[in-house]
Ligand code: C2E
Ligand code: CA
Ligand code: CA
């Protein structure tokens, strides 16, 4: 098995499939008309291909995503279960005497509103995730995810048989089927309704097109999918009607009845029966069915009577009778809940570096002690996760065999006391057997469970890492491609997992400043005639504690999306000014600090006053700083931005147009706009080595700057050939790795003073230091 595992892991590592938002590999995406396709690699051996296909299967991935969306509700429900059911008589009495006989009502209502309706929550979540996945594969045909969630929700309710409430004779949906017992039908309804909805979306004749502007914003999108939505619901209602016509009005009960039928007569209370019972229970749980409930007939027929016989025998002083009883399964095969998930939890804490999975494990710790494992089952998730299928079934079976032989060989006494399922691990083993050996056997089984789960956790951790890297790369690509003129969020609204990553990074960022993870680097700007540094550009850095270096374009983009850039921009300005003041005090007088200013900051009317206030407080003259704004921002028609730019100019701030030549250029604008410097865009700057037209553009921009008294700077100058070419075209001021990468404050100071001492002597290339 370990060999198989290693091969599976190696296969997934060796054949990286770029993952689309929502966990779907992009390489094989644009196949089917519905935006889905098979993701298994063609040359993988059969079994492996099957498994990797399952892991990346878009429907399964969306179901897992949908399950985790329900996590807040699951956690609230878990707290209610723990508070109401804490298995200690003194506690129960204390709560009763403190809050009265109805003290459990509060927890009961929370349970009803959480686990009591968990199937409805899941169907909404899965419908929503599947729509996001559809959107990621169909950029030109976006479906509102909430509408898709509602459709799945509606379809599920169409299949339910209302029950009549005795008092008043009204009809209602049973809490049983909209709660934990109804999970499988809910998952199935979400999957089938989404597939049907997608099918109907494929027919253009079923789409109602309304031109934007002719209605309030969400109406066109809603109307566009109206007919496919109605048809999907009608198909479900027809299915239900047909089932009722053929005598199965209550589909939910029928499913449970049908599933439990093979287990009605399980035979003798033997090891084989126990293994079949254990395997069936966990396979059912794995697909979202309440396994213990389906198998209740077996429990009632075999294991409850066996327990009663053991208790009676024990009281009569007879030798114990049956090994397999209800407490046997609770104590030895459900350590921390079905699947011996306490073992999984420990394996998670040992194996995951990924903070998301670790946090889920930590959150499950206390509930798991009381054998409540829903947070782990749905949060990690284990349910429908192909990676955990094998250990989730194997661990309880191995535990069953170990505990069986421990009992048969007389190493551990059999269970002779009934113990509630939620009595904490080790206590229940001790209480059920009346011997500390019961608890020791549990400890041994726990170790075995950890050992079985560990390689699978490692495999899952590898897959998560890979998926993270691919999502992160997509986020970086979105940041690089982003259009700064767009006023809406650019990174936060990415669909699926990429958007999720953007949101979690944006959350981390709020803490980053406080924890000192953000800092500045300074890149020298050099006059290539003399080799002397005349300016530095301050560039922000974020060293994330788990991820490492986050590219500025990503976190600046996120800060713009959240509005945090207003604080962050001021912080960067103040730190830059502080640095300038330090250098000035140390004798560096004629160097100007360029600070980047984001488009969003220019929408703040009070920006000029805030900047002046900082300069005044730090006693740095306004002439010592320049503000860099990108070209697209500088050429704005935005009223407030124009006002702010004009006011900055009137306060004597020097404005630099960054990334000049990105395609927004209007040379005549330079006459109107109070520009101090122009920075050539990296692409234009580099292109002079290969493109004649770029040379001509740069040369005429240089002439124009010369005439208008504007300082022209070229960025990304990495080698001598590039420098010589730019100089020949009339551009003498440069910034780039040829002279220096961005440096730490100390290294920048040494660099600046070094060039000043060597004034007049062209500076040779210095070794790169403190980059990044
Ligand atoms: P930018 O303003 O165009 O900054 C120049 C970028 O070019 C910097 O990237 C710099 O490290 C990089 N660079 C300079 N010389 C070379 C070279 O020779 N070769 C190469 N390959 N790269 C070179 P960085 O630091 O990653 O910053 C990226 C962008 O993030 C900046 O582009 C700027 O738009 C933004 N940014 C950085 N810091 C701040 C900040 O404090 N505030 C705001 N609003 N934006 C910032
Ligand atoms: Ca810049
Ligand atoms: Ca630039």
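Rule-based calculations on the coordinates, nothing more; no lab input. All values reported here derive from a predicted model rather than from experimental measurement. Glycine also receives a Cβ, built like all others from the backbone with ideal geometry; neighbour counts cover every protein chain displayed.
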Quick check: pseudo-label points 7 Å beyond the Cα along Cα→Cβ at residue 76 and residue 366, how many nm apart are they? 1.8
FRET efficiency for residue 205 and residue 146, using Cβ-Cβ distance with R0 set to 22 Å, rounded to 0.05: 0.30
Which angle from 0 to 90°, rounded to the nearest 10, does the C-alpha axis of helix 145-158 make with the longest principal axis of the chain? 10
Can you list the equivalent-ellipsoid semi-axes of segment 432-503, largest first and in whole Å, using the square root of 5 times each Cα gyration tensor eigenvalue? 49, 14, 6
Mind giving me the FRET efficiency for residue 640 and residue 618? R0 is 30 Å, r the Cβ-Cβ distance, nearest 0.05 is fine. 0.70
For a quick size check, give me the Cα extents of segment 141-257 along its three principal axes, largest first, whole Å. 51, 29, 25
The convex hull of the Cα atoms of segment 357-399, divided by residue count, gives a volume in Å³ per residue of 72
Report, to the nearest 10°, how far helix 71-85 tilts away from the longest principal axis of the Cα atoms in the chain, using its own Cα long axis and a range of 0 to 90°. 40
Cα centroids of segment 579-628 and segment 419-451: how far apart, whole angstrom? 66
Contour excess over end-to-end distance, with Cα ends at residue 249 and residue 719 and 0.36 nm allotted per residue: 161.4 nm
Taking the Cα atoms only, what angle lies between the long axis of helix 46-56 and the longest principal axis of the chain, rounded to 10 degrees? 70
Put one equal scatterer on each alpha carbon of segment 501-563, apply the Debye formula with no solvent term, and list log10 I(q)/I(0) at q = 0.15 1/Å to two decimals. -0.54
Kindly provide log₁₀ I(q)/I(0) values, in the same order as q = 0.15, 0.20, 0.25 Å⁻¹, from the Debye equation applied to equal alpha-carbon scatterers of segment 109-190. -0.58, -0.86, -1.10
Expressed in nm², what is the orientationally averaged projection area of the convex hull enclosing the Cα positions of segment 250-371? 9.8
Would you please put 155-168, 94-107 in order of how densely packed they are, using the mean number of other Cβ atoms within 10 angstrom per residue and starting with the highest? 155-168, 94-107
Out of all DSSP beta bridges with both ends in the chain, state the antiparallel percent to the nearest 5. 50
Largest first, please: the extent of the C-alpha atoms of segment 495-641 along each principal axis, to the nearest Å. 51, 39, 33
Report the extension gain between residue 91 and residue 757 in nm, rounded to one decimal, defined as 0.36 nm multiplied by the number of residues separating them, less their alpha carbon distance. 231.9 nm
What 222 nm value per residue comes from the helices of the chain, counting each DSSP H run with n ≥ 4 as -39,500 (n - 2.57) and dividing by all residues, nearest 500 deg cm²/dmol? -17500 deg cm²/dmol
Can you tell me the length gained on complete extension of the stretch residue 650 to residue 420, counting 0.36 nm per residue apart and subtracting the Cα distance? 75.0 nm
Cα-based Rg then Dmax for segment 584-645, in Å, read 13.3, 42
Taking only the Cα atoms of the chain, how large is their convex hull per residue, in Å³? 238
Label-point separation, residue 567 to residue 300 (7 Å along Cα→Cβ), nm: 5.9
Rounded to whole angstroms and listed largest first, the alpha-carbon spread of segment 436-567 along its three principal axes comes to 83, 35, 26
Hull-based mean projected area of segment 55-162, where the convex hull spans the alpha carbons, in square nanometres: 9.5
In whole angstrom, how far apart do the alpha carbon centroids of segment 222-241 and segment 284-323 sit? 45
